[in-house]
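As structure tokens, the structure follows; a few thoughts come after it.
The values are calculated or read from the model by the stated rules, or taken from the named source; none is laboratory data. Predicted, not measured: the structure shown is a model, and the values here were computed from it. As a convention, Cβ positions derive from the backbone with ideal geometry for all residues, glycine included, and neighbour counts pool all protein chains shown.
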Amino acid sequence: MKLHILIADDNPADASGLEAELIQAGAQATVVADGEKALEMILDGLVDAIVLESVLPSLGGKELVQRIFAEYPSFPVLVRTRYSSLEDAFEYARMGVLSYSVKDDDVTGFARKVMDAASGIAYEDQTDKITEQTNHSFSDFITRNAEMESLFRTAIERVAKATSTVLITGESGTGKELLARAIHHYSPRSQNPLVAVNCAALPENLIESELFGHEKGSFTGAGARRIGRFELANHGAFFLDEVGDLSLVVQTKLLRVLQERTIERVGGNESIKVDVRVIAATHRNLKQLVNDGVFREDLFYRLSVIHLHLPPLRERPEDIAGLAQYFVQRYRQEMGREEMMITPRAMNALRQYSWQGNIRELENVIERAVVLAPHNRIDLEDLPSEFHRFKPQSEDSLSLRDAKAHFEHDFILQALQQNQGNVSVTADQLRIARKNLQEKIKRYEIDVESLRGAKS
């Protein structure tokens, strides 16, 4: 059975060259001019891979990718565009596409890459190289929320390139440190270290030594000179997590560092110049702490030159499904499990839950479910007991999506029974790609081996 490659491109001249190369390589190639038609063919299971232009009528490239992965998280997607940019390359890598190329690249070599991707053969591509060179995970910034997209774009395009102090606020588990690391990663200081310290985790009597260092003999137990975190971060960045937990004494010393760019080690009298960009974060309301007299007002203004606020997960429920699916893929790969899916019942519960622990809590729930789920799907019963109250009032009342899934399961099972478990013959009969049929067999947990040799 020939591999069927879909090319989504509204420029016939650009598409024809690749189409010819794919046909020459032994594939069936179909060209469509808009994203909606491309999505329809993929959802109908008619193709093995897609090559898309980033700019498409009716449905843009990124939205098309999101909608494909919502149904088929492992579907081979490659981007080939005339409108290339480094930002787009990173964004598509974050979303999970296999390749991002410009149309001026070798079309013959690209066609071979497409064939390998459609066949499931691993290869090193341009996007992988970008990700390896940057040593940064973009997948953790999965979002469909307009506020989050705007915030992340501002942080990367503007904030990262400045030297101003940044204050990141938000509830615990919203990704404050992840955003801080992204800002440093895209900054001119990225070749130098980002040193992080959690102010709430350090004992009061040690925090000055941790931040500024100490001289030998400066206090009991100080048997040698210690270099503090600020010095270690010189020419790089210093991430102060939970800065709202600092004592007034340490706040005063931190203010001096921000004003004069010098530090003094505990027990020393030498002023040491440091060139450090400070990024601070807290889950607490610093303005309220200022009003309560436990946080210095002048330090608050020094820290919040640029203020970025991460909204809690419950205020962006449109992100729950994408994040949950991302964590499923991440942990099932780490644990060596086969492809897993989240059932509609379980996803409904995840969407209704309040998520007081935000993304960190969601990650923990999914990791637990991947470990404990006995099958290759996560159902409502595989989630902690507090999710069970979201069970539908009537299990017999199915949504249209559920009804379609039940019909598809029964239809595929009947076809496989008629063909005695022969997947290739069944795929031809159903007129879908063999790979797509295999994915549906896994999704519906159909035991093909038990059908082999059975009489219809």
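So for segment 13-25 (the condition being closer than 17 Å to Pro76 by Cα, more than 28 Å from the chain's Cα centre (by Cα) and aliphatic (A, V, I, L, M)), does at least one residue qualify?
Within segment 13-25, one or more residues are closer than 17 Å to Pro76 by Cα, more than 28 Å from the chain's Cα centre (by Cα) and aliphatic (A, V, I, L, M).
Return yes when Gly223 is surrounded by 18 or more Cβ atoms within 10 Å (Cβ to Cβ) and small (Gly, Ala, Ser) and no when it is not.
Against the criterion (surrounded by 18 or more Cβ atoms within 10 Å (Cβ to Cβ) and small (Gly, Ala, Ser)), Gly223 does not qualify.
Among the residues of segment 76-91, write down those that are at pLDDT below 85 and either among the aliphatic types (A, V, I, L, M) or surrounded by fewer than 20 Cβ atoms within 10 Å (Cβ to Cβ) (or both).
Result: Arg82, Tyr83, Ser84, Ser85, Leu86, Glu87, Asp88, Ala89.
Return the residues of segment 61-81 that are part of a loop (DSSP other than H, G, I, E, B), closer than 25 Å to Pro12 by Cα and out of contact with any helix residue (DSSP H, G or I) (no Cβ under 7 Å at 6 or more places or on another chain); say none if nothing qualifies.
Hits for segment 61-81: nothing passes.
Residues Ser164, Ser150, Ser209: which one is surrounded by fewer than 18 Cβ atoms within 10 Å (Cβ to Cβ), at pLDDT below 90, farther than 18 Å from Arg360 by Cβ and not aromatic (Phe, Trp, Tyr)?
Ser150
Quick one: which of Arg277, Arg261 is within 30 Å of the chain's Cα centre (by Cα) and either under 23 Å from Thr165 (Cβ atoms) or outside the structural domain of Gly293 (by TED's automatic domain parsing) (or both)?
The conditions single out Arg277.
Could you tell me whether Gly267 is at pLDDT below 95, of a type in the set (Gly, Ala, Ser) and either touching a Ser or Thr at 6+ places or on another chain (Cβ under 6 Å) or closer than 30 Å to Pro188 by Cα (or both)?
Criteria met by Gly267.
Counting only residues that are farther than 24 Å from Ala118 by Cα, at pLDDT below 80 and touching a helix residue (DSSP H, G or I) at 6+ places or on another chain (Cβ under 8 Å), give me the helices (runs of 4 or more DSSP H) lying completely in segment 400-456 with at least 3 of them.
400-418
When you check Val328 against the structure, is it farther than 30 Å from Glu157 by Cβ and either of a type in the set (S, T, N, Q) or within 18 Å of the chain's Cα centre (by Cα) (or both), yes or no?
So Val328 passes the test.
Please count how many residues of segment 37-60 are farther than 17 Å from Ser119 by Cα and not in a helix (DSSP H, G or I).
So the count comes out to 10.
Would you check which residues across segment 168-215 are farther than 19 Å from Ile156 by Cβ, among the charged types (D, E, K, R) and in contact (Cβ under 8 Å) with a residue 24 or more places away in the chain and list them?
Of everything in segment 168-215, those that are farther than 19 Å from Ile156 by Cβ, among the charged types (D, E, K, R) and in contact (Cβ under 8 Å) with a residue 24 or more places away in the chain turn out to be Glu171, Glu204, Glu208, Glu215.
Would you confirm, using the coordinates I've provided, whether Ile306 is in contact (Cβ under 8 Å) with a residue 60 or more places away in the chain, surrounded by 17 or more Cβ atoms within 10 Å (Cβ to Cβ) and of a type in the set (A, V, I, L, M)?
Yes, satisfied.
A quick yes/no check of all residues on (1) aromatic (Phe, Trp, Tyr); (2) farther than 20 Å from Gly170 by Cα:
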| site | (1), (2) |
| --- | --- |
| Ala233 | no, yes |
| Leu240 | no, no |
| Arg261 | no, yes |
| Glu297 | no, no |
| Val305 | no, no |
| Phe327 | yes, yes |
| Glu338 | no, yes |
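Could you tell me whether Val97 is touching a His at 6+ places or on another chain (Cβ under 6 Å), closer than 30 Å to Phe327 by Cβ, outside the structural domain of Lys404 (by TED's automatic domain parsing) and part of a loop (DSSP other than H, G, I, E, B)?
Criteria not met by Val97.
Restricting attention to segment 100-118, and to residues there that are in a helix (DSSP H, G or I) and among the charged types (D, E, K, R), which single residue is surrounded by the most Cβ atoms within 10 Å (Cβ to Cβ)?
Looking at the filtered set, the residue picked out is Lys113.
When you go through Arg277, Arg284, Arg296, Arg265 one by one, which is the residue that is charged (D, E, K, R), closer than 30 Å to Ala349 by Cα and surrounded by 13 or more Cβ atoms within 10 Å (Cβ to Cβ)?
Answer to the check: Arg284.
Can you find a residue in segment 385-394 that is in a helix (DSSP H, G or I), among the aromatic types (Phe, Trp, Tyr) and at pLDDT 85 or above?
Yes, that holds for at least one residue.
Checking Asp319 against (1) outside the structural domain of Asn348 (by TED's automatic domain parsing); (2) under 21 Å from Ala180 (Cβ atoms), which single condition isn't satisfied?
The one condition Asp319 does not meet is (1).
With the requirement that a residue be under 22 Å from Ala25 (Cβ atoms) and aromatic (Phe, Trp, Tyr), what does segment 68-121 give you?
Phe75, Tyr100, Phe110
Suppose we filter Leu254, Leu248 for residues that are surrounded by fewer than 18 Cβ atoms within 10 Å (Cβ to Cβ) and either in the same structural domain as Glu363 (by TED's automatic domain parsing) or farther than 30 Å from Asn364 by Cα (or both); which single one remains?
Criteria check complete, one pass: Leu248.
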